[in-house]
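K.L.:
I'd like to ask you about the structure that follows.
Laboratory data are not the source of any read-out in this text; all were calculated from the coordinates shown. Quick caveat: nothing in here was measured; it's all calculated off a predicted structure. No Cβ is skipped: glycine too gets one built from the backbone with ideal geometry, and neighbour counts run over all protein chains shown.
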Number of protein chains: 2
Amino acid sequence: MSTMEKELIKTIADISGFMPGSAFSLRRNGEGVERHSTQNIKIVAKSDKPGIDIHVAPHTIGEEVHIPVILTDSGIHDLVYNDFYIGEGADVVIIAGCGIHNDGCDTSQHDGVHVFHIGKNAKIRYVEKHYGEGNGSGERILNPKTIIHMEEGSFAQMDMSQIKGVDSTKRDTLANVGANAKLVINEKLMTHGKQEAYSDVKVNLNGEDSVVQIVSRSVGKDTSIQVFHPIAVGNTRSRAHIQCDSILMDQAKISSIPEIAANHVDAQIVHEAAIGKINSDQLMKLQTFGLDVEEAEKVIVEGFLK
Amino acid sequence: MSTMEKELIKTIADISGFMPGSAFSLRRNGEGVERHSTQNIKIVAKSDKPGIDIHVAPHTIGEEVHIPVILTDSGIHDLVYNDFYIGEGADVVIIAGCGIHNDGCDTSQHDGVHVFHIGKNAKIRYVEKHYGEGNGSGERILNPKTIIHMEEGSFAQMDMSQIKGVDSTKRDTLANVGANAKLVINEKLMTHGKQEAYSDVKVNLNGEDSVVQIVSRSVGKDTSIQVFHPIAVGNTRSRAHIQCDSILMDQAKISSIPEIAANHVDAQIVHEAAIGKINSDQLMKLQTFGLDVEEAEKVIVEGFLK
């Protein structure tokens, strides 16, 4: 791998190589490059379409799966289907992420369709970082589609962030939460330049005592546009909490349209959202410590998205 | 007027007669019945379509306008256009309201289109109560459309409530708020039986330092359905606060879809919404005072909608 590719993988997946001995799959420019399974976690290439199946054996505890994707050629349109089968009682961390380096003038696009089947009492933490870079005029587009089926007593924490450099994204997330299962979605998003970001999340609370918590934090800079549309539907005794906070800068535009629907008397659903510019008291305080306005804004934005 | 009609007017407009000497218009079963103007407030029947124009002279202070509507015949479909011209610096109270008594088997429907032109520095409080009763199988339908244009420095408080007995309502409210103007919308809604209520509110904050505050409280009983969709759009330096709270009872279903859009860096927009059943601590406390469950629920619901 080139230094640029290594750096890209480090940014999105916090690893610096192929991770021999661990469950690992690297996809580059639309092709699988390297793939390892372990005794408990099998990664198998799909035969009917691009993508992989990840099988985590029941009661696998403490293992990690890394599945980074990088696009370094200009003009690639990559569409991939990944299915995750998490066995009963397993407890694993899945680190995905997609980095695009586009130095050319053609659009580079990665659309990932991820389907999670989370077994009874299984736990996952899923970390997905999206990042774009490069000096070309070609656009960097990422459209992730995530579908989550959660069985009884399972837990999933989805940490999804778009750090920088993605020109356009349409994020589409759908979850069906079973009895006593809990889903936590932490979404972090920063847009700059003329970027556009749309995020639709729909969570169906179908099982008794199912819970969802969505925390979305975003910063819009320059003339970028963001639209959030999280939906929580309580179909039985269940709880939902949605919170969307956004910092608006420059000429950016942000809309937030959380939708809550209670179809059962024991559904308890709350949402809160706030859009506003950087707190001027915080800005002033940091300036009294000797920071200029730009440095102070940077500290606040980084703290907000941390 | 019959006793039933008098009672209906009392329920929706808190008055017991024709109010001679004050600005007054009573509409019954699709026809204007009685109309008075005062020196400062002229009520004029429209010549091109059903409805009235209400002209409030500039700097009219402390006067009230009553414009109740009642439907007592079954099978009436009344469509009325009322325009309010509030002169600069005026400060008045407008008491509208529609009551339907339907003992028949045909649908009784009143659709009111109200357009408010609120002059510079003028203030209004607008009170609108909707109520249905009667033993017939005919539906009672109320579809109010309200359009509010607010000039610089004006203030409007819209207290809109649907107390009881309205089988179906589609409420549609649109406001354009000018510089230094403030709009307050207080919406109260109770549905029962198989009733359906939809409320769309869109507020455009177009003037510098314009403000909107929307507080919506609702109770859904039996198998009724409620859908709220308030939208606040900050197009300049402006503030918006939207709050929707709902109590869910029985097999009712409630959705809340507040939409906030900040198109300007100095737009500050916040919304909060919560849907849940009656607080069980409150219920228990009232029961220790000797109330049975039903009585305790009634006290809590009435307090919530007060």
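K.L.:
Counting only helical runs of four or more DSSP H residues, what would the 222 nm mean residue ellipticity of chain A come to if each run contributes -39,500 (n - 2.57) and the total is spread over all its residues?
P.N.:
Mean residue ellipticity at 222 nm (helix-derived): -3500 deg cm²/dmol.
K.L.:
Rounded to the nearest whole Å³, what is the per residue volume of the convex hull around the Cα atoms of the protein assembly as shown?
P.N.:
Convex hull of Cα atoms, per residue: 201 Å³.
K.L.:
Taking Cα centroids, how far is the range B:234-290 from the range A:136-187 in Å?
P.N.:
Between the Cα centres of the range B:234-290 and the range A:136-187 lies a distance of 26 Å.
K.L.:
Any idea what the dipole of chain A comes to, in debye rounded to 20, about its Cα centre with Lys/Arg Cβ at +1 and Asp/Glu Cβ at -1?
P.N.:
Charge dipole of chain A: 300 debye, to the nearest 20.
K.L.:
Given a Förster distance of 25 Å, report the FRET efficiency between B:GLN251 and B:LEU79 from their Cβ-Cβ distance, rounded to the nearest 0.05. If you can, show how the numbers build up before the last one.
P.N.:
On the way: r = 33 Å, r/R0 = 1.33.
E between B:GLN251 and B:LEU79, to the nearest 0.05, is 0.15.
K.L.:
Over chain A, with a Gaussian network built from C-alpha contacts below 10 Å, which listed residue (A:SER168, A:SER224, A:SER47) shows the highest mean-square fluctuation?
P.N.:
Answer for the Gaussian network model of chain A: A:SER47.
K.L.:
While we're looking at this one, here's another question. Once label points are set 7 Å from the Cα along Cα→Cβ at both B:VAL33 and B:VAL184, what is their separation, rounded to one decimal in nm?
P.N.:
Using points 7 Å along Cα→Cβ, the separation is 3.2 nm.
K.L.:
Where does the charge balance sit around B:ASN40 when Lys and Arg score +1, Asp and Glu -1, over other residues with C-beta under 14 Å from its C-beta?
P.N.:
-3
K.L.:
Which percent, nearest 5, of DSSP beta bridges in the protein assembly as shown are antiparallel?
P.N.:
Antiparallel bridges: around 10 percent, rounded to the nearest 5.
K.L.:
Out of the trypsin sites (Lys or Arg not before Pro) in the range A:138-209, which ones are loop residues according to DSSP with at most 14 other C-beta atoms within 10 Å?
P.N.:
Here the sparse-neighbourhood loop sites are A:LYS194.
K.L.:
Using only the alpha-carbon atoms of chain A, report the extent along each of the three principal axes, biggest first, to the nearest angstrom.
P.N.:
56, 54, 34
K.L.:
Mind checking which of B:LEU189, B:LEU174, B:LEU291 has the largest fluctuation in a GNM of chain B, springs on alpha carbons under 10 Å?
P.N.:
Result for chain B, Cα springs under 10 Å: B:LEU291 fluctuates most.
K.L.:
Expected output is a single nm value to one decimal: the length gained when fully extending between B:HIS59 and B:GLU152, i.e. 0.36 nm times separation in residues minus the C-alpha distance. What is it?
P.N.:
Full-extension gain reported as 32.0 nm.
K.L.:
Here is a follow-up. Using Cα centres only, tell me the gap between the range A:48-85 and the range B:3-38 in whole Å.
P.N.:
About 71 Å separates the Cα centre of the range A:48-85 from the one of the range B:3-38.
K.L.:
If I take the Cα coordinates of the range A:149-303 and project them onto the principal axes, what are the three extents in Å, biggest first?
P.N.:
For the range A:149-303, the Cα spread along each principal axis is 53, 31, 23 Å.
K.L.:
If each Cα of the range B:164-245 is one equal point scatterer, what is log10 of I(q)/I(0) from the Debye formula at q = 0.13, 0.18 Å⁻¹?
P.N.:
One equal scatterer on each Cα of the range B:164-245 leads to -0.44, -0.71.
K.L.:
Any idea how far apart B:THR223 and B:LYS306 come out in nm if each label point goes 7 Å out from Cα toward Cβ?
P.N.:
Computed distance between label sites B:THR223 and B:LYS306 equals 3.4 nm.
K.L.:
Let me ask you something else. For Cα pairs less than 8 Å apart in space and 6+ apart in sequence, what is the mean separation divided by the residue count of chain B, i.e. the relative contact order in percent? It would help to have the intermediate numbers written out before the result.
P.N.:
On the way: 938 pairs, mean separation 30.5, N = 306.
That works out to 10 percent.
K.L.:
In whole Hz, with x marking every Gly and Pro, tabulate ³J(HN,Hα) for the range A:243-259 from phi via Karplus 6.51 cos²θ - 1.76 cosθ + 1.60, θ = phi - 60°.
P.N.:
Couplings: 9, 10, 10, 9, 9, 9, 10, 6, 9, 5, 10, 10, 10, 9, 10, x, 10 Hz.
K.L.:
How much net charge surrounds A:ALA96 when only the other residues with a Cβ under 11 Å from the Cβ of A:ALA96 are counted, with Lys and Arg +1 and Asp and Glu -1?
P.N.:
Residues near A:ALA96 contribute 0 overall.
K.L.:
Report the extension gain between B:ASP106 and B:LYS285 in nm, rounded to one decimal, defined as 0.36 nm multiplied by the number of residues separating them, less their alpha carbon distance.
P.N.:
Gain on extension, B:ASP106 to B:LYS285, equals 60.0 nm.
K.L.:
Between beta-carbons, use under 11 Å as the cut-off and find the net charge around B:ILE231, counting Lys and Arg +1, Asp and Glu -1.
P.N.:
With Lys, Arg at +1 and Asp, Glu at -1, the neighbours total -1.
K.L.:
Find the all-direction average of the projected area of the Cα convex hull for the range A:39-127, expressing the result in square nanometres with one decimal place.
P.N.:
Values: hull surface 23.9 nm².
Taking the Cα atoms of the range A:39-127, their convex hull projects to 6.0 nm² on average.
K.L.:
Calculate how many DSSP beta bridges within the range A:3-279 are antiparallel, expressed in % of all such bridges and rounded to the nearest 5.
P.N.:
Given both bridge residues lie in the range A:3-279, the antiparallel proportion sits at roughly 5 percent.
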